[in-house]
Structures are given as structure tokens and as C-alpha cells.
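Student: Structure below; questions to follow.
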Amino acid sequence: MNMRNQWPVLSVATGLAVGLLTGCGSDTGGSGGTGSEVVMGMSDDVLATDPASGYDPGSWLLFNNVFQSLLSFPKGGTVPEPEAAKECSFTDTATKVYSCTLRDGLKFSNGDALTSKDVKFSFDRMLKINDASGPAIMFPMLDRVETPDAKTVVFRLKTADATFPSKIASGAGSIVDHNSYSATGLRKDGGAVGSGPYKLDSFDDDKAVFSVNDSYKGTARVNNSGVTLTFFHGNQTALKDALLNSEIDVAYRGLAAADIADIDNGTSTGKGINVVEGTSAEVQHMVFNMDDPVAGKLGVRKAIAYLLDREALVNKVYDNTATPLYSIIPAGIVGHDTSFFDTYGARPSKANAAAALQAEGITGKVKLTLWSTPSRYGPATDEEFRTIAGQLNASGLFDATVKSVAYSRYEKDIAQGKYGVYVKGWVPDYPDPDNFTAPFFGKGNVLSNNYSNSTISGQLIPTTAAQSDRASTEAEYGRLQDIVAQEVPVIPVWQAKQYAVVQDNVYGLEYCLDASTVFRFWEISKG
């Protein structure tokens, strides 16, 4: 997701299999609001409360709890099921017409009825505003939204897209009240009006306060009486101290790897605190600007691929809270393979790196700057890139240095082509191989690295997008990954594990952490 903040996220499933029929939802509704209030600490910031703008983990965490989408991912599942909709399905064999029927009696938290008009308004608005920091980039295939009646929504697509149900099940599918939002501009007051399980009562730089939405009608069953989300703005020590001092019930995203290990090992500082752990579909890549005079040379990129020691990196920097990644598509997602392992090996090879440089006509040390940003992709990113620079320099083939700049400058400089090598992280919008390939290698890719391959963008991505049997795409995705491994526009570095650290009277976190990346406030209970 627009290289969303990349700190560990749990994945427990094996990929997405979207059929033509999405299914029928229960009309029983579900709020609840029993139990105690939960206080959660997070190092991520929430960058937006307006779904037309936010495209980062913190904002989507808010969206997934305050707004409804037509579909949602059930806990532990990767196939979307009806949420605001009663049922949805493709109504053609070409996967280009998708129709949904809304539940009865849907209301926003302000009492307004939710109808098909609001659904159409939400998508039309997002696409019209087309915010640079928003999710409109996910919907180039959407031609128009039709509303035959108050309860029916029909999406007509320009091109076949079997993953469309998963896209509208994500935070990008959040439905807003047409009476509370401008059709042409973003909401600036920090407020939000949705129909999800929670209401946003207040939002500022320090915290967001959520209460249970009594008007909610959907699949969630709320196990608490509200959630307060406290922001620590990347301060790992403050987050840890707040947990150990019982000032917060849950620490999510941002604890240092050593602190997690310390708590998990049951040391004196971690008594009465539990670590909830899982694997993740979240990834980090080293990205190369193909127009750069140094990084643009294939031999340089291959030499780096031959010298990168992922095992040593995750041991030293991440204390094994991540795993080495040799694939563009992470483990646990359909299409995962080991193209970079097969091409460059698991252990560094100075001989192969030297041969790659020699084939490029390079005989002296390669002078190179690796660009990082200190917190956007995790608090250890700078240390990680310094470690990689050290690995390159230890070979005697490189003279690599690291420069770190604030994220606001970082993104602008990348867009202007000022960096040759830089870091990008990715938290998936939906658990499908399409979301790990089309944004990176399709038209208008989010990496801003001037890479294009006509076989990938013109053949493999459109072909795989049209296949409703996602398991049948493995051969095409294998070919795509082999091309990337040969041309090296990026190097996959690691795949995250995900952790939430909780007081021992807090339950349900295992249902908040899965491949969908949906953090479900309603599953958390406090004894």
C-alpha cells in the first residue's frame, strides 16, 4: 500500500481464492459493547481520518474500525465475506461486472441511513479527489458505479479483475456519509462519520478515542466498551515503559526487537506481560533507480544481490523478528517462490559479485550511497542500511555510505530521481500476489524507480488479474519473479513477523493479526 509504514504484521493464511460468488451475510447485526475499555499504544501515526486520503497502516486501522466496507475479511481468513452488503457476486463470466445488495437497516453513527447512494458517492469521491496519499491508485480498472435502487450497487470494470472483491473489502472500500463529506475535497477537521463497530469521539496528535457505535449492523461482535489509541510517534522506549508501567493494555507496532525478546523470555521487566506472535505478509525491499548512473547498471545491482547476507542482517538488526526474503511475493501468499535464492544463493559470493562488475566493465570500487529514512519503515531501518553498507564494503568491491533523511524530504527526492538506492516497505492492501506485483511493476508503479518490463505489465499482470482461480496463477507469477530476479529493479530483503505485546488480563489479540492486515478492535477483551 503506497509503501505503507512497514513494521511487523501477522499472516496466517496461504493466499486468496476469489470465486465468482462472494456469499451471503447474516442480517443479525452485532455490536455489543460489553467489557472494559482498552488502552492501546502504537508507534505508528494515524495520518488521515478521511478514507479518500489515508493509505498507511495507522489510518487503515482507524478506517477498519470506524467505517464499513461492502465486504470484509473474517478473522484468520483471506476470502472476503459480506459486511455492509448482504450478498455480492460477479454477474458475468468475464469478472467485469460486480453487484452487491446492501443489508437492511444500515445506519451511520449520526443516524443517517446508509444506502447505495452513499456507496457510489464514496467511490466516486475517492477517484475524483485522487489524493496523492490516498487509495485511488488501487482502482484504475473501475469504470463506473451504478445504483439501480437504494439497496443495489453495480461496479462496472474497464478490465477483468478477479481481485476486485478483495480491494473493496480493504480500507479503500470504506463507505462515508454523503451528507457529511464534500464530493470534491478532503475532510480537514479530524472527524469521521462511518457505520462501523466504533465511533471516533476525538482525535489529536496524542491519542484517538473510540466508543462503541450502537447503530452498527454487521458481522462484528464487540467485546469491549471502547478503545483509546495512544500515539508514541516512534518512541520505542516510551512505548515499552508505558506497557511495563501498566499505562497501556496493548503495545502494537514499534517495540524494539530486543525489548520483545526480553519480554518474551520472561525476564523481570516482562512479568505479567504476554507476547502474541505470528508470521507476516509485510515485506521490505531495496529499490534501484534504473536511470541512476551507478545503480542503473545491471552489474552493480547483481553484485549487491550476490553480496547481501540476509541471515546475518536479520540476526544482528532484527533479533530474528523478521525472516530473510528471497521472493517478491512473500511466504504464505499464492505464487511465492525463491527466485533470488535460486539466482544469487543464500550466502554472499565475492567471486560472483566481482564477475558481475567485471562484465559491466567496472574495475575499481563502486562508490554508492544507500538512502534511508529513520522511522517510516521501522525504527531499525537506518541500522539495517548501515549493516548492508558494511557487508558491501567488507567485500572490497564497494565504497558504500548511508544517508538518512526525514520522510517528507525522502519521498520528494525519490519522486525527483535524486536517489540511486533506497528502502521501501510494503504492507499489503489485500492478501493476494497481485498486490505484491502490480503496484511495483505495473503502469505508474509506486516505487518511482523508472523500471518497466512490457512482458510483466502488458502480459503477466493483466493475465493473472483476470483469473478467478488464484491458485492457477502460480506459473505466471513464477515467470514474473524470475524476470525481476534477472533484471533486479528491486532486491527483496526481509519478511516481517508481527507482534502485539499485552497485559496478561487482555485477550483476543490473535484475532487482530492475520494476512488481511485488519486490526479488529472488537475482538479485544479485558478481564
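Student: Among the residues of segment 124-138 satisfying the criterion of being within 19 Å of V153 (Cα to Cα) and modelled with pLDDT of 95 or more, which is most open to solvent (accessible area, probe 1.4 Å)?
Tutor: Out of the qualifying residues, it is K128.
Student: Right, another one. So S180 clears everything in (1) crowded, with 24+ Cβ neighbours inside 10 Å; (2) part of a loop (DSSP other than H, G, I, E, B) except one condition, right? Which one?
Tutor: Unmet condition: (1).
Student: Quick check on segment 52-72. Is at least one of its residues on the phi > 0 side of the Ramachandran plot and in a loop (DSSP other than H, G, I, E, B)?
Tutor: Within segment 52-72, the first condition is being on the phi > 0 side of the Ramachandran plot, and the residues that meet it are none.
There is no residue in segment 52-72 that is on the phi > 0 side of the Ramachandran plot and in a loop (DSSP other than H, G, I, E, B).
Student: Are there any pairs with C-beta distances below 8 angstrom linking a residue in segment 454-471 that is open to solvent by 10 Å² or more (accessible area, probe 1.4 Å) to a residue that is of a type in the set (F, W, Y), with the two at least 6 apart or on different chains, and if so which?
Tutor: As it stands, the answer is S457/F441; I461/F441; S468/F90, since those pairs meet every condition given.
Student: State all residues of segment 493-527 that are among the charged types (D, E, K, R) and either in contact with a Ser or Thr (Cβ under 9 Å, 6 or more places away or on another chain) or open to solvent by less than 10 Å² (accessible area, probe 1.4 Å) (or both); if no residue qualifies, say none. Full working, then the answer.
Tutor: Initial filter on segment 493-527 (among the charged types (D, E, K, R)): 497, 504, 510, 514, 520, 523, 526.
Within segment 493-527, K497, D514, R520, K526 meet the criteria.
Student: So if I check each of S116, S89, S99, S72, which one is open to solvent by less than 10 Å² (accessible area, probe 1.4 Å) and under 22 Å from R144 (Cα atoms)? Lay out the reasoning, then the answer.
Tutor: Values: S89 fails: open to solvent by less than 10 Å² (accessible area, probe 1.4 Å); S99 fails: open to solvent by less than 10 Å² (accessible area, probe 1.4 Å); S72 fails: open to solvent by less than 10 Å² (accessible area, probe 1.4 Å).
Every option except S116 fails the conditions.
Student: Right, here's the next one. Tell me, yes or no, whether segment 174-184 has at least one residue that is over 29 Å from S89 (Cα atoms), of a type in the set (S, T, Y) and modelled with pLDDT under 95.
Tutor: no
Here's the yes/no breakdown for (1) closer than 30 Å to S72 by Cβ; (2) of a type in the set (S, T, Y); (3) over 21 Å from the mean Cα position of the chain (by Cα):
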{"position": "G378", "(1), (2), (3)": "yes, no, no"}
{"position": "T381", "(1), (2), (3)": "no, yes, no"}
{"position": "T387", "(1), (2), (3)": "no, yes, yes"}
{"position": "K424", "(1), (2), (3)": "yes, no, no"}
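Student: Another one. Among the helices (runs of 4 or more DSSP H) lying completely within segment 433-527, list those that include at least 3 residues that are of a type outside the set (A, V, I, L, M, F, W, C). Spell out how you get there, then give the answer.
Tutor: Details: elements: 438-441, 461-465, 474-487.
Correct list: 461-465, 474-487.
Student: Also, I was wondering about something else. Would segment 262-279 turn up any residue that is within 18 Å of T381 (Cβ to Cβ), touching a strand residue (DSSP E or B) at 6+ places or on another chain (Cβ under 9 Å), assigned to a strand (DSSP E or B) and among the hydroxyl-bearing types (S, T, Y)?
Tutor: Quick first cut of segment 262-279, residues within 18 Å of T381 (Cβ to Cβ) only: none.
The answer is no, given that none of the residues of segment 262-279 is within 18 Å of T381 (Cβ to Cβ), touching a strand residue (DSSP E or B) at 6+ places or on another chain (Cβ under 9 Å), assigned to a strand (DSSP E or B) and among the hydroxyl-bearing types (S, T, Y).
Student: Testing L255 on (1) assigned to a loop (DSSP other than H, G, I, E, B); (2) open to solvent by 40 Å² or more (accessible area, probe 1.4 Å); (3) at pLDDT below 90; (4) of a type in the set (A, V, I, L, M), one condition comes back false. Which one is that?
Tutor: (2)
Student: Residues D214, D264, D249: which one is open to solvent by 20 Å² or more (accessible area, probe 1.4 Å) and over 30 Å from D112 (Cβ atoms)?
Tutor: Values: D214 fails: over 30 Å from D112 (Cβ atoms); D249 fails: open to solvent by 20 Å² or more (accessible area, probe 1.4 Å).
D264 is the lone residue from the list that is open to solvent by 20 Å² or more (accessible area, probe 1.4 Å) and over 30 Å from D112 (Cβ atoms).
Student: Can you name the residue in segment 322-333 that is surrounded by fewer than 23 Cβ atoms within 10 Å (Cβ to Cβ) and either part of a loop (DSSP other than H, G, I, E, B) or not β-branched (V, I, T) (or both) and is also farthest from the chain's Cα centre (by Cα) among such residues? Outline the logic, then answer.
Tutor: Start the filter on segment 322-333 by keeping residues that are surrounded by fewer than 23 Cβ atoms within 10 Å (Cβ to Cβ), which leaves 323-324, 331-332.
Okay, now just the ones that are also either part of a loop (DSSP other than H, G, I, E, B) or not β-branched (V, I, T) (or both), so 324, 331-332.
Numbers: P324: 18, A331: 15, G332: 15 Å.
My answer is P324.
Student: Turning to a different aspect of this structure: Please verify whether D189 is open to solvent by 20 Å² or more (accessible area, probe 1.4 Å), assigned to a loop (DSSP other than H, G, I, E, B) and free of Cβ contacts under 8 Å to residues at least 12 places away in the same chain, treating the condition exactly as stated. Give the derivation first.
Tutor: Details: open to solvent by 20 Å² or more (accessible area, probe 1.4 Å): yes; assigned to a loop (DSSP other than H, G, I, E, B): yes; free of Cβ contacts under 8 Å to residues at least 12 places away in the same chain: yes.
Spelling it out, D189 is indeed open to solvent by 20 Å² or more (accessible area, probe 1.4 Å), assigned to a loop (DSSP other than H, G, I, E, B) and free of Cβ contacts under 8 Å to residues at least 12 places away in the same chain.
Student: Out of the residues in segment 411-432 meeting the condition of being assigned to a helix (DSSP H, G or I) and farther than 22 Å from V488 by Cβ, tell me which one is modelled with the highest pLDDT. Full working, then the answer.
Tutor: Initially, segment 411-432 is screened for residues assigned to a helix (DSSP H, G or I), giving 411-415.
Filter once more, so that each one left must be farther than 22 Å from V488 by Cβ: 411-412.
On the way: E411: 92, K412: 95.
Restricting to residues being assigned to a helix (DSSP H, G or I) and farther than 22 Å from V488 by Cβ, the top hit is K412.
Student: Considering only residues that are part of a loop (DSSP other than H, G, I, E, B), open to solvent by 40 Å² or more (accessible area, probe 1.4 Å) and more than 16 Å from I491 (Cα to Cα), which ones fall in segment 344-387? Steps first, answer last, please.
Tutor: We begin by selecting, within segment 344-387, every residue part of a loop (DSSP other than H, G, I, E, B); these are 345-349, 360-365, 373-380.
Subsequent filtering for residues that are open to solvent by 40 Å² or more (accessible area, probe 1.4 Å) retains 347-348, 360-361, 363-365, 374-375, 379.
The answer is E360, G361, T363, G364, K365, P374, S375, P379.
The values are calculated or read from the model by the stated rules, or taken from the named source; none is laboratory data. As the structure is a prediction and not an experimental result, all values here were calculated from the model. So basically every Cβ, Gly included, is an ideal-geometry build from the backbone, and we count neighbours across all protein chains shown. The protein model used for the area step is the full one, side chains on, heavy atoms only, and it has no ligands, DNA or RNA in it. Shrake-Rupley method; radii C 1.70, N 1.55, O 1.52, S 1.80 Å.
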